[in-house]
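The values are calculated or read from the model by the stated rules, or taken from the named source; none is laboratory data. Predicted model only: the values in this text are computed from it and were never measured. Cβ: placed from backbone, ideal geometry, glycine included. Neighbour counts: every protein chain shown. Remember, those area values only see protein heavy atoms, side chains included, never the ligands or the DNA or RNA. Shrake-Rupley method; radii C 1.70, N 1.55, O 1.52, S 1.80 Å.
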Amino acid sequence: MNMPSQHPSIIAIDGPAASGKSTIGLRLANALGYLFFDTGVMYRAVTWLALERGLDIRDEAALTALAEEAQIDVAPASRSDGRTCDVLVNGQDITWETRSRNVDANVSPVSAYRGVRSALTEQQRRIGLRGDVVMVGRDIGTVVLPDADLKIYLDATPEERARRRYEEILVRGGEADYDEILRKVRERDRIDSTRDVAPLKAAQDAIVVDSDQLTADEVFEQVLALVK
Ligand code: DC
């Protein structure tokens, strides 16, 4: 006999860059004993591979072929060095490479290509449909898993998201320019939400959580309450 599941099995969290999706998604997955899957790392992995091979980022056909052929694996974090998961491409651990400035600067145009999206969406859907998963991205509730049991859209103003990113860098001992970060956040928002294929937007049945006035703990409590 099948027992009814206590919690939603497939949870989609979407939202703009630096809205806290990964932090909240990972905490939620850990609390529920679910797989955490950050789909942005797949777009980052394809972008890194293209740069590594010296491909022209504007070459949509070459980028599509790369997304179709690359063996991208996302696995639970094997080290406690701040990573939320391991990212492997053709067997090589490129977790930190996918966070480089160069990847940051090129990933939005790459993720706008229809062929790239369809190759990666298919892989993401296959993993998501196994259930007991918290999947994080831009189009999970709208395109990848439209039948997800719970859809959350995590939002915050560009200024607040830039401020959080700025502080993250300072805490790690790095140097940062707030105005430059804000400009980049806005630029990525613009590309992600105006592209033709699977643009960033809340699904009609998503619950929007506005995190501007909330701490990370408060956002987590709100999201956990929605799950329960
Ligand atoms: O969440 P992130 O910053 O790691 O995402 C990197 C890029 O990938 C970002 O420009 C948007 C894109 N992306 C997407 O288009 N669809 C997803 N499901 C996840 C990320």
remark   = Picked from the range 58-77 (must be in contact with a Ser or Thr (Cβ under 9 Å, 6 or more places away or on another chain) and of a type in the set (Gly, Ala, Ser)), the residue least open to solvent (accessible area, probe 1.4 Å) is Ala67
task = Answer with yes or no whether Val87 is in a helix (DSSP H, G or I), within 15 Å of the ligand (Cβ to nearest atom), buried (at least 22 other Cβ atoms within 10 Å of the Cβ) and at pLDDT below 95.
result = no
note = the range 121-228: helices (runs of 4 or more DSSP H) wholly inside it with 2 or more residues that are open to solvent by 20 Å² or more (accessible area, probe 1.4 Å) and among the hydroxyl-bearing types (Ser, Thr, Tyr) are 178-194
note = Filtering the range 18-55 down to residues that are assigned to a loop (DSSP other than H, G, I, E, B), farther than 18 Å from Pro76 by Cβ and touching a Leu at 6+ places or on another chain (Cβ under 9 Å) yields Ser19, Gly20, Arg53, Leu55
task = Could you tell me whether any residue of the range 24-41 is touching a residue at least 24 places away in the same chain (Cβ under 8 Å), open to solvent by 20 Å² or more (accessible area, probe 1.4 Å) and basic (Lys, Arg)?
result = yes
ask   = Quick one: which of Leu170, Leu182, Leu154 is among the aliphatic types (A, V, I, L, M), touching a helix residue (DSSP H, G or I) at 6+ places or on another chain (Cβ under 9 Å) and free of Cβ contacts under 8 Å to residues at least 60 places away in the same chain?
value = Leu182
request  = For the range 92-104, indicate whether the set of residues that are at pLDDT 95 or above, in contact with a Ser or Thr (Cβ under 6 Å, 6 or more places away or on another chain) and either open to solvent by 20 Å² or more (accessible area, probe 1.4 Å) or not in a helix (DSSP H, G or I) (or both) is non-empty.
outcome  = no
note = When the range 97-132 is checked residue by residue, the ones that are within 13 Å of the ligand (Cβ to nearest atom) and more than 24 Å from Asp59 (Cα to Cα) are Arg125, Ile127, Gly128
